[in-house]
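The block underneath contains the structure these notes are about, expressed in structure tokens.
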Amino acid sequence: MHSMSQRAIAETFGTAALVLVGPGSVIATLTLAGKAVPAVTEADLLAISFAFGFIITALVYAIGKVSGCHINPAVTFALAATKRFPWKEVPVYWGAQFVGAIIGAFAIWGVFGQNAVTFGMGQTHFAADASSGYYVQAILAEALGTGLLLFAILGIVDSRSAGGPLAGIVIGGAVVGIILVFGPVTGASLNPARAFGPELVEAIAGGTTFWTQYLPVYLIPGLVGAAGAAFLYDFLANPRLVERPILEAVTREDTAAHAGAR
């Protein structure tokens, strides 16, 4: 097993890359749209969804064998809640993920300059004057979206599933589909760190922030939805509990090393 420092750095790097490419694609889209109305079309939403899906697919294969490629506090929380991940390591993973998200948001600012600030650093938010009814919709969207993501992850990394080597593709594809459905409601964060990083850097840059939405919509519902989906999966599939299931699903024996030892 890799050391804690290696795993923490992998989670930091992975979350930073996710934020740079995912929310960064939002800034790129808005920059290209200029004064077009609407600024983000259905085709743009599809492109943004694929940006998220592709980077997550790449990261699952790149760092999945190191840290399990959680890159999402909700994933870490759900795995710990269902005894797939040790609670004592949760603070380290969460710290790495939030730091990575902040680094990724700073990278967006560095690449796009003032446009990044003008277009909100790829924040996930909705109208500041939204009604209480819309808040309920937003909370439900984040809880369901994150829950569906966890359900897909646990299904594909289950040791009895036939698609273990395809884990990255399936997880990335699930992200694309979920964003297409819930993106118009909340921006489909599905990840408390992804929501936090751009929000903090936007505040540092002096832009508009939506902190009142973070806790009730983008943090708590994501954690609850993820854990709920994990417990539901265990109830339905009654799987063998595997510690660090994502890591095991994408890790294969190093045949080259064995061949060289002969």
Given the conditions (1) assigned to a helix (DSSP H, G or I); (2) free of Cβ contacts under 8 Å to residues at least 24 places away in the same chain; (3) surrounded by fewer than 17 Cβ atoms within 10 Å (Cβ to Cβ), which single one is not true for Gly95? (2)
Kindly list, by first and then second residue, each pair from a residue in the stretch 192-203 that is aromatic (Phe, Trp, Tyr) to a residue that is open to solvent by less than 10 Å² (accessible area, probe 1.4 Å) and part of a helix (DSSP H, G or I), limited to pairs with Cβ atoms under 7 Å and residues at least 6 apart or on different chains. Phe196/Ala101
From the list Ile220, Ile204, which residue is at pLDDT 95 or above, surrounded by fewer than 18 Cβ atoms within 10 Å (Cβ to Cβ), within 19 Å of the chain's Cα centre (by Cα) and not acidic (Asp, Glu)? Ile220
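The values are calculated or read from the model by the stated rules, or taken from the named source; none is laboratory data. It should be emphasised that the depicted structure is a prediction, and the values quoted were computed from it without experimental measurement. Every residue, glycine among them, receives a Cβ derived from its backbone with ideal geometry; neighbour counts consider all protein chains shown. For the accessible areas, the whole protein counts, side chains as well, though only heavy atoms, and no ligand, DNA or RNA atoms are used. Shrake-Rupley method; radii C 1.70, N 1.55, O 1.52, S 1.80 Å.
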